[in-house]
Amino acid sequence: MARTSTARAARLALVLAAGWLSWLGPLWQGTSAAAEPRPRGAFVNVGTAAAPVRLWVEEMGRGAPILLIHGLGANTYSWRYLAPGLARSHRVLSVDLKGFGRSDKPFDAAYGILDQARLLETLIAAKDLRGLTIVGHSLGGGVALALTVRLNLRRPATVDRLVLLDSIAYPQPVPLFIELLRTPVLAEVGIAAAPPELEAFKGLLAAYADPDKITWDAVRAYARPLYEEGGRHALLQTAQGIIPANLPALIAAYPTIQQPALLIWCAEDRVVPVGVGRRLARALPRAELSVFTGCGHVPQEEVPALTLARLRSFLQHHPASTQP
């Protein structure tokens, strides 16, 4: 099975690399919009009147709020399996970070973790979210950590619970596909020449433990924003600033996060190894770590039923302090 999956992935990569999708991509973009239901969402301006930055936010359900923050190169599509289940008992808000999904993609350099955390703080204030559970995956986990530290200082009692899925948290070697995005000149040339579907597939191939689970729908969903003006710029800027300059100060603040924290990790994660999760579990005073087998870096997509069950159990055992 492993040999078959690897061969299948290699054949698909060769097709993509040959450039066949350089013309199929726009065709997909035109046909999929009619085939897929439009998400229930709206833009929220978290910038200023003079310099607006609109984030796309999708909402469903009622109850204590949950904010879902996706990872590098992803968008609200990443939560397609979890959001409906969580919405049975909670108000679920999925956000496209600045530069991703449907959100604005300005040609600036403010795509770091702290930049994103500041924008999400504004979103939380605009939505008047209290008794909040923040859920972050990968890069979104780093944003969630920075956001929680920031809110604890500036808006105490806003965050009740923190959930991190295969989250970045410490200095570590970055995988090859991210390192290429962080290499000056080479990154610009490579991302300009490659069809967006190839970039999306490379990211999924690095993330998934089983390539057979990669679908064309997922490739399309993650490739589509790269066709938009500013999409490739945003991806490069985010990758190049993925390790914040003040990371030591942020790490030092982890023990100040007193909220119950659930850490979910995949044992086969090659992007952010499970050792990062174990170290983070020791740093967060009220953390519990669950390690899943059979997945790589994206448990909410690779083993969604298991991820949802664990998350719902955590929420039941740690009820929100503020109900709407």
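Only helices (runs of 4 or more DSSP H) whose full extent lies in the stretch 245-324 are considered here, and the ones with at least 1 residues that are within 20 Å of residue 82 (Cα to Cα) and touching a His at 6+ places or on another chain (Cβ under 8 Å) are 299-302, 304-317. Residue check: residue 239 meets all listed conditions (1) over 28 Å from residue 162 (Cα atoms); (2) buried (at least 16 other Cβ atoms within 10 Å of the Cβ) but one, namely (1).
Does at least one position in the stretch 292-309 carry a residue that is of a type in the set (Val, Ile, Thr), touching a helix residue (DSSP H, G or I) at 6+ places or on another chain (Cβ under 8 Å), in contact (Cβ under 8 Å) with a residue 24 or more places away in the chain and closer than 25 Å to residue 111 by Cβ? Talk me through it step by step, then tell me what you get.
First, pick out the residues of the stretch 292-309 that are of a type in the set (Val, Ile, Thr): 293, 298, 303, 307.
Next, from what is left, pick out any that are touching a helix residue (DSSP H, G or I) at 6+ places or on another chain (Cβ under 8 Å): 298, 307.
Now narrow it down to the ones that are in contact (Cβ under 8 Å) with a residue 24 or more places away in the chain: 298, 307.
When the remaining residues are screened for being closer than 25 Å to residue 111 by Cβ, the result is 298.
Yes, the stretch 292-309 has at least one match.
Okay, residues lined up against (1) among the hydrophobic types (A, V, I, L, M, F, W, C); (2) over 21 Å from the mean Cα position of the chain (by Cα); (3) at pLDDT below 95; (4) surrounded by 14 or more Cβ atoms within 10 Å (Cβ to Cβ):
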| residue | (1), (2), (3), (4) |
| --- | --- |
| 40 | no, no, yes, no |
| 44 | yes, no, no, yes |
| 60 | yes, no, no, yes |
| 75 | no, no, no, yes |
| 80 | no, no, no, yes |
| 100 | yes, no, no, yes |
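Taking the stated definitions as given, is residue 267 free of Cβ contacts under 8 Å to residues at least 60 places away in the same chain and more than 20 Å from residue 115 (Cα to Cα)? For residue 267, the condition - free of Cβ contacts under 8 Å to residues at least 60 places away in the same chain and more than 20 Å from residue 115 (Cα to Cα) - is met. Taking each residue of the stretch 86-99 that is within 16 Å of residue 161 (Cβ to Cβ) and looking for partners that are assigned to a loop (DSSP other than H, G, I, E, B) and of a type outside the set (A, V, I, L, M, F, W, C) with beta-carbon atoms closer than 6 Å, six or more apart or interchain, yields 89/63; 90/61; 90/63; 91/61; 91/62; 91/63; 92/61.
Please verify whether the stretch 153-165 includes one or more residues that are under 30 Å from residue 208 (Cβ atoms) and either modelled with pLDDT under 95 or in a helix (DSSP H, G or I) (or both). Within the stretch 153-165 (the criterion being under 30 Å from residue 208 (Cβ atoms) and either modelled with pLDDT under 95 or in a helix (DSSP H, G or I) (or both)), the answer is no, since none of the residues qualifies.
The values are calculated or read from the model by the stated rules, or taken from the named source; none is laboratory data. Here the structure is a predicted model, which means the values were calculated and not measured. Positions of Cβ are backbone-derived with ideal geometry, glycine not excepted, and every protein chain shown enters the neighbour counts.
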